[in-house]
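The values are calculated or read from the model by the stated rules, or taken from the named source; none is laboratory data. Everything numeric here is computed off the predicted structure, so don't read it as measured data. Backbone-built Cβ (ideal geometry, glycine too); neighbour counts: all protein chains shown. In case anyone asks, the SASA skips ligands and DNA or RNA and just uses the protein heavy atoms, side chains included. Shrake-Rupley method; radii C 1.70, N 1.55, O 1.52, S 1.80 Å.
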Amino acid sequence: MTKKIKLPNIDNESPIRINIWGDLVQTNDNKDLFEDGDISNLLGDGIINEVSKSDVVIFNLEAPLTSRNTPPLYKPEAPCIASSPKCINTFNALKKLGVQLIASCANNHIKDFGIDGIRDTINLLSNNGIEYIGVSDQNLSIAKIPIIIEKGECRAGIYSCAENEFSIADDKVGGANGYDPLTTFDDIARLKTQCDKVIILFHAGRENYQYPSPLLQRVCRKMVDSGADVIICQHSHCIGCEEVYKSGRIIYGQGNFIFHRTKISNWYTGLMISVDITKAPNVAVDYKVVQNSIPHVRLGDAIHSQEIISQFNERSKDIQSKEFIEKKWHDWVFENIDTYCMHGIAGCQNRYILAIDRRLNFFLSRFILRDKHRRKLLLNYIRCESIREAMITLLNSNKTK
């Protein structure tokens, strides 16, 4: 089962031009611009001009469009976020530029306000002629339905999935389309038989980390082996790097499009990615830097953009080395040892203890890991598929006895 979008075909030789944006969230400082549909002030002439040259704009809708105030979902150490339903005015203003909009909703926040929040979102999008992908208010089989964009004889397939966190759908309950090594690669291979090119929007990776982990690289390469032509990893909230693997191009970290939340500088830059789809073997991909300057987002100026792209290219050279990827990941994990040890293993949420641990150069975290018996036991629980499955079943259960 697929959704299909048929574009007008004035020129038989023109490509399907798809403009892809990173994480998009309305926040308090730009709420008025979003709700008024004031795209001139919100986006600026440069971005609007790029939209006008495109057939399709796809954006990662990082938060549900809902007015519900009480999130039913308990997410330890994670915020629940939403955007105003009146943001639809901005999307409708973009539609007037003659572009088809697609909201990619397979992410870790789309279910923050439960199934009702998802239902509010997809009903609002559908009623305004905006397609969505990667989510369902019913079940997983619907959440994983891809979109095929047709223009003349050319077809582009779009597939959206996310790493497994709080938002994921299952066979009986709606949510986001979760990555599953037993089904996702088959989904991609099946889609490729119906299309000339396949684009994967993969909500994956670690926040504020500008490189792939060893596992993320293996998964993305397997997606290429299964038929993907372009893979864009979102979720990291920072611009990462890219890899050309066989016939595919993998972007490990697109960065945000517009998401004003933290003081971390990397959150305020992103890549606007244009993909031209034709029947030719290669896919043309173009990057333009976007810069958030509260309350707006703009195309980056020439000097700043050149610097950002240069750094992007340098990181892309670095990841050609497997040893570099493994060492960089190892070092980063231990730089953030409190997140994975104190929060994850010890379950500590006391901010004073966490602050003391950081002040002591993670002494408490390292002390927890010093117990070799406990560490090896936990390692086996995590890496053994059957034990991990049993633990997940236990932790998911409502039974306390």
Take each of the peptides 341-348, 24-31, average the number of other beta-carbon atoms within 10 Å over its residues, and list them starting from the highest.
24-31, 341-348
GluC sites (Glu not before Pro) within region 31-132: which are DSSP loop residues with at most 15 other Cβ atoms inside 10 Å?
77
Find out how many positive minus negative residues lie around residue 322, taking Lys and Arg as positive, Asp and Glu as negative, among other residues whose Cβ is under 13 Å from that of residue 322.
0
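Grab the beta carbon distance between residue 327 and residue 11, set R0 = 51 Å, and tell me the FRET efficiency rounded to 0.05.
That gives a FRET efficiency of 0.55.
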If I model a spin label at residue 128 and residue 193 as a point 7 Å from the Cα along the Cα→Cβ vector, what separation in nanometres do I get?
3.8 nm
So, over other residues within a Cβ distance under 10 Å of residue 89, counting Lys, Arg +1 and Asp, Glu -1, the net charge is -2
If a/c stays under 1.5 just call it rounded; otherwise compare a/b with b/c (prolate if a/b is bigger, oblate if not). Do that for the chain, with a ≥ b ≥ c from the square roots of the Cα gyration tensor eigenvalues.
rounded
Just need the relative contact order of region 241-359 here, percent rounded to a whole number, with Cα pairs under 8 Å and 6+ apart.
17 percent
Which residue, 22, 114, 98, has the most motion in a Gaussian network model of the chain that connects Cα atoms within less than 10 Å?
98
With residue 363 itself left out, Lys, Arg at +1 and Asp, Glu at -1 over residues whose Cβ is under 14 Å from its Cβ give +2
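Find how much the distance from residue 166 to residue 293 grows on full extension, using 0.36 nm per residue of separation minus their present alpha carbon separation; answer in nm with one decimal.
So the extension gain works out to 42.7 nm.
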For the full complex of protein chains and a 1.4 angstrom probe, list 109, 296 by accessible area with the highest value first.
296, 109
Can you order the peptides 2-8, 282-288 by their average number of other Cβ atoms within 10 Å per residue, highest first?
282-288, 2-8
When only alpha-carbon atoms count, how far does region 156-230 stretch along each of its three principal axes, as whole angstroms with the largest first?
35, 32, 20
FRET efficiency for residue 378 and residue 313 from the Cβ-Cβ distance with R0 = 41 Å, rounded to 0.05, comes out at 0.55
Over the chain, what is the percentage of antiparallel beta bridges among all DSSP beta bridges, to the nearest 5?
45 percent
Largest first, what is the accessible-area ranking of 140, 394, 191 with a 1.4 Å probe?
394, 140, 191
Between region 163-213 and region 1-42, what is the C-alpha centre distance in whole Å?
21 Å
Take the Cα atoms of region 93-197, find their three principal axes, and give me the spread along each one in whole Å, biggest first.
39, 37, 18
Answer rounded, prolate or oblate for region 116-267, using the Cα gyration tensor with square roots of eigenvalues a ≥ b ≥ c: rounded when a/c is under 1.5, else prolate when a/b is larger than b/c, else oblate.
rounded
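Add -39500 (n - 2.57) for each DSSP H run of 4 or more in the chain, then divide by its residues: what number comes out at 222 nm, to the nearest 500 deg cm²/dmol?
-10500 deg cm²/dmol
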For region 271-372, just the Cα set please: Rg and Dmax, both in angstrom.
20.8, 58
For region 346-401, I need the span (max minus min coordinate) of the C-alpha atoms along each principal axis, in Å, sorted largest to smallest.
38, 26, 16
